[in-house]
Structures are given as C-alpha cells and as structure tokens.
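None of the figures in this text is laboratory data; all of them are computed from the coordinates on show. Every value quoted in this text rests on a predicted model; they were computed, and no experiment measured them. Here the Cβ positions follow ideal geometry from the backbone for every residue, glycine too, while neighbour counts run over all protein chains shown.
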Amino acid sequence: MTLSNTLIVPEPFAVLPFYENKQLIKKPGTLNETKLTEIWDGEAYFIHDILHYEHKLSGYEIVDFIPPWHFEGEEIKTQAINFWQHTGLPKLSNMFHQRDRIGARPLMLKHIAIYIQTIHWIQGKPVYNLQDFTVQFEDWKYSPVNFGERISFILKSPDHYHSFTQLSQLYEESNKKWALFLNRSLPKK
C-alpha cells in the first residue's frame with residue numbers, strides 16, 4: 001500500500017527530543033513489513049503509531065496493514081532485545097568510546113523510541129501519546145525500578161554517555177520484566 005509522502009507530526013507525538021511542534025515527517029512508502037527490524041530501520045520515530053493515531057482520528061482503517069502491536073508479545077520482546085544487543089549496543093558503545101556524541105544522538109533516539117514502542121506493543125497496544133507515557137508505566141509492576149525518572153533523564157540528554165548506560169540498563173532489566181509479564185499473560189492450558 002502506498003501513502004502520500006509527508007505528514008505533520010500530531011500534537012501527542014510532538015515531544016522533544018523526537019519531534020518539534022508541527023514538524024513534517026516522511027511517511028514510509030509501504031507498511032508491509034513482516035519483521036520489526038524493518039520498521040525500526042525506517043527514518044521516522046513512531047511512524048506506525050502516528051499513522052494509526054491519524055487514521056483513528058479520521059475514522060478510516062489502513063488496508064492490508066498488520067499493526068506491529070498485533071504481533072506476538074514474545075516476538076516483539078525478542079526482536080527488540082536482539083536489535084538492541086546486536087545493533088544499538090555495539091554501535092553506540094563504539095560511538096561513545098570515540099566521544100562522538102553528535103553521531104550517537106540519532107541512534108540513541110532510535111533505540112529510545114524502540115524501547116518506548118516495545119513497552120506498549122508487548123501489551124498489544126500502540127503508542128498514543130508521548131507527552132505523558134511515563135505516568136502510564138511508572139506504576140506498572142513490569143516496569144523497571146524508577147522507570148519515570150530514568151527515562152526522563154535519558155530523554156533530557158540522549159547524547160550523554162550516562163544516558164546510554166541508563167538505556168542499556170533499562171533494556172537489560174526490562175528483558176527480564178517483560179519475560180515475566182509475557183509468561184503470566186499467556187493463556188493457561
């Protein structure tokens with residue numbers, strides 16, 4: 001399915017450091033990705049969530065589109081953790097080792113966005129709002145300790161080494177917490 005090529009980021013997603021208010025972003029040419037890594041390799045953060053939000057407001061559905069939050073929770077978790085461990089972590093480690101904060105920033109933002117998407121998608125729901133998502137998950141028993149404070153710190157300075165270490169710890173802790181959540185949310189036989 002082909003879409004027109006740009007859209008204005010909706011207000012609930014216009015949150016720094018991801019997007020400025022009324023920022024234009026490029027839409028993907030297709031929404032037929034079968035692997036989450038194909039989605040995450042795109043240029044725009046939260047693009048599937050944004051398109052879902054826009055289409056829900058307009059009252060029509062995107063045809064031939066399986067939303068990523070309809071994938072199996074275990075598949076989402078596994079692909080997110082593997083993408084972090086095999087792509088994000090080594091590249092960012094190298095960038096921060098070389099003190100390349102400018103180069104690290106977009107990759108940090110990508111992996112922060114993936115983390116936020118994963119925490120939503122494993123529960124079978126899209127990201128609807130970036131303005132207050134930390135409140136939604138602060139008391140979720142499968143969130144890491146001090147989740148709100150930690151993710152807020154990361155978002156304030158995504159190009160700092162300490163943000164990288166916090167994000168790495170969040171992925172590590174969340175991998176265990178999400179496994180517990182998915183194990184408990186599976187239907188009992």
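Please compute, over every Cα-Cα pair in the chain, the percentage with a separation greater than 23 angstrom. Considering the chain, 42 percent of its Cα-Cα pairs are separated by more than 23 Å.
For the chain, hydrophobic long helices are taken as DSSP H runs at least 27 Å long by C-alpha position along their axis with mean Kyte-Doolittle hydropathy of 1.6 or more; none is present.
Spin-label pair GLU173-THR78: with each label point 7 Å from Cα along the Cα-Cβ axis, the two points sit 2.6 nm from one another. Based on C-alpha pairs under 8 angstrom that are at least 6 apart in sequence, the chain has a relative contact order of 22 percent. Taking every DSSP helix (H) stretch of at least 4 residues in the chain, weighting each as -39,500 (n - 2.57) and dividing the sum by the residue count yields a mean residue ellipticity at 222 nm of -16500 deg cm²/dmol. Of LEU89, LEU107, LEU16, the residue with the greatest mean-square motion in the GNM of the chain, using alpha carbon springs below 10 Å, is LEU16.
Could you please report the charge total around PRO144, scoring K, R as +1 and D, E as -1 over all other residues with beta-carbon less than 12 angstrom from its beta-carbon?
Values: positive: LYS141, ARG150, LYS176, LYS177; negative: GLU138, GLU149, GLU172, GLU173.
Net local charge, PRO144 excluded: 0.
What the Cβ-Cβ distance of ALA14 and ARG184 gives, at R0 = 30 Å and to the nearest 0.05, is a FRET efficiency of 0.30.
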